[in-house]
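The values are calculated or read from the model by the stated rules, or taken from the named source; none is laboratory data. This structure is a prediction, so every number in the text was calculated from the model and none was measured. Note that we place each Cβ from the backbone using ideal geometry, even for glycine, and neighbour counts take in every protein chain shown. Quick note on the areas: whole protein, heavy atoms, side chains included, nothing else; ligands and nucleic acids left out. Shrake-Rupley method; radii C 1.70, N 1.55, O 1.52, S 1.80 Å.
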Amino acid sequence: MLVVCLLAATATAFAVSERLKLEESPVIGTRIDNLVSPTCTACKPDARVALIAFRLRHEENIELDIADSDGTVVRQGVGSGVFPPSYRQFAWDGRDDSGRVVADGLYKAELKLLDEDRTFEFPETIRVDTTAPAIESVNIRPRVFSPDGDGRVDHVDLRYHLSEAAYAILYVDGRRAPGRSYRRRPIDKIQWYGRRGAVRLPPGEHRLALAAQDPAGNVAPSSREYTVTIRYVRLSQRRYVARGRRLHVRVSTDATTVRWRLGGRSGKVSGRRAVHALSLPVPRRAGRYRLAVTANGHRARATVVVRR
């Protein structure tokens, strides 16, 4: 008799399970936000909640709960009530029944069909992430560059190491630059071409800093600021005093050709050097003259005082 009862129970359970497999699921078209940061201050309000959406085939009396990875329900009744066949959407704010933010980790949505005494588990999980990435190191090279498009030292490389895969955010002179890095990697680099958005910044010193944002929207505090210099062409002095027949001038530029004009005379010097040494003829008459040096369309000026 015991064996017969066991066989009958097994056959019944098998039949029920097979019938359930053949039945159409009462819940279709599920969609769940897989990532949420309830404490993200940089996110829009609708980004601080996880949306849980689905379609009911029939009228159902439901209760939507959130359970942790161990199966313990941490939030009851995210959505509940009797609903007709329709598309429904509910939002979970990443908090438990007491209103506290839950611990970082994986959670799943459970939809109870109360009239049928069944529970539908969504295949997708929700990851709660409230921890911002950390910037572990930043290395910037070169510190002096000329973004003039000649292919020689046109940009600055900002190499960084983050605590997790995240997007890098650039700050220029204390203001956030538009956009962010194209890739989300823990170790990568971004390049800066001397612009803030579409605006080309003037020559001189500028301050760069990096922040990081993870996929959940958490933003790390920015790194310390690093000073870089945009230099197209620069003279070693603003004022020169000439007493002999030749004036020696040092010009700092990445351009291969430097042109000069002084006292009605002009010339050019070529060479693939970062610093050009010019030896210029001094005007015969004493007085004050204007020295103009150009490189790749950019100009530097200085005053030349000739004394006899």
The percentage of the accessible area of the chain (probe 1.4 Å, all protein chains present) made up of carbon and sulfur atoms, to the nearest whole number, is 48
dims of region 261-304, Cα set, principal axes, largest to smallest, nearest Å -> 34, 18, 15
For region 107-185, Kirkwood radius (reciprocal of mean inverse C-alpha pair distance, Å)
17.2
Compute, for the chain, the length of the dipole vector about the Cα centre, with Cβ point charges of +1 (Lys, Arg) and -1 (Asp, Glu) only. Units Debye, rounded to 20.
6220
Accessible area of residue 248 in the full protein assembly, 1.4 Å probe (Å², nearest 10)
130
Qualifying aspartates and glutamates (Cα of each under 18 Å from Cα of residue 189; at least 8 residues distant if same chain):
136, 154, 157, 164, 214, 225
Tell me, what is the percent relative contact order of the chain, built from C-alpha pairs under 8 Å that lie six or more residues apart?
12
In region 81-164, the GluC sites (Glu not before Pro) that sit in a DSSP loop and have at most 14 other Cβ atoms within 10 Å of their own Cβ are 116
At what distance in nm do the modelled label points of residue 143 and residue 69 sit from each other, each positioned 7 Å from its Cα along Cα→Cβ?
4.5
For region 241-308, accessible area per residue (1.4 Å probe, heavy atoms of protein chains only), Å²:
62
With the dipole of the chain worked out from charges on the C-beta (+1 for Lys and Arg, -1 for Asp and Glu) around the Cα centre, which of 151, 123, 218 lies farthest toward the positive end?
151
Quick one: what Rg and Dmax do you get for the chain from the alpha carbons, in Å?
34.6, 130
